[in-house]
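This report concerns only the one structure given below.
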């Protein structure tokens, strides 16, 4: 199993541009999550999904959108990129009931200039 | 805001010693607790989960949970230079999402 995969690994965006961060998992996990990590800060939840077609906002959703059309994929969309969105983005997934252990992808390092 | 607090460190221990990492949380209804290890430039890696009061051992790692004191700790026995990393404490308050502390930097010196 590849686990959780993310693309791209690195990206530089200009202010106002848009992009989609890709995330996929092959563990048949129902739950998927997007976090951002800023230097010296803990991970902050952006959005999460409990299954295909179901998404909900986390702590810091402004400026982002998500969709979940399949169990495997959970892309994160950035519209009108701003310097405040410069961060490292991690996707994670977990099983449903009983086990909440989350497994993380390798991350995407995004710079907005 | 439900808080998860960790000492940022760095915590420096000599090779072979026991490293003790601590975490406190503010939400009394928290039920699930996790320790992640994060090397510089890498993603968090799950090393321990604990759900009930007491100790849980896995190899050189022991997680300890005290819900009455709202305290969770991680002990690393026989610390190795390869254990040098940032250790993140994470708690599920309600629902499904992890609430992370800012992490404790551990340095194991040869």
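The values are calculated or read from the model by the stated rules, or taken from the named source; none is laboratory data. Here the structure is a predicted model, which means the values were calculated and not measured. Reconstructed Cβ throughout: ideal geometry from the backbone, glycine too, with neighbour counts over all protein chains shown.
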* To do: Return yes when residue A:90 is at pLDDT 95 or above and over 19 Å from residue A:13 (Cβ atoms) and no when it is not.
  => no
* Asked: Being closer than 22 Å to residue B:38 by Cβ, touching a strand residue (DSSP E or B) at 6+ places or on another chain (Cβ under 8 Å) and within 11 Å of chain B (Cβ to nearest Cβ), is that true of even one residue in segment A:47-56?
  -> yes
* Asked: Counting residues that are touching a strand residue (DSSP E or B) at 6+ places or on another chain (Cβ under 6 Å), facing another protein chain (nearest Cβ under 10 Å) and within 28 Å of residue A:91 (Cβ to Cβ), which strands (runs of 3 or more DSSP E) fully inside segment B:9-52 reach at least 3?
  -> B:32-38, B:45-50
* Filter result for the condition that a residue is at pLDDT 95 or above, more than 12 Å from every other protein chain (Cβ to nearest Cβ) and either surrounded by fewer than 16 Cβ atoms within 10 Å (Cβ to Cβ) or under 19 Å from residue B:105 (Cβ atoms) (or both), over B:88, B:75 -> B:75
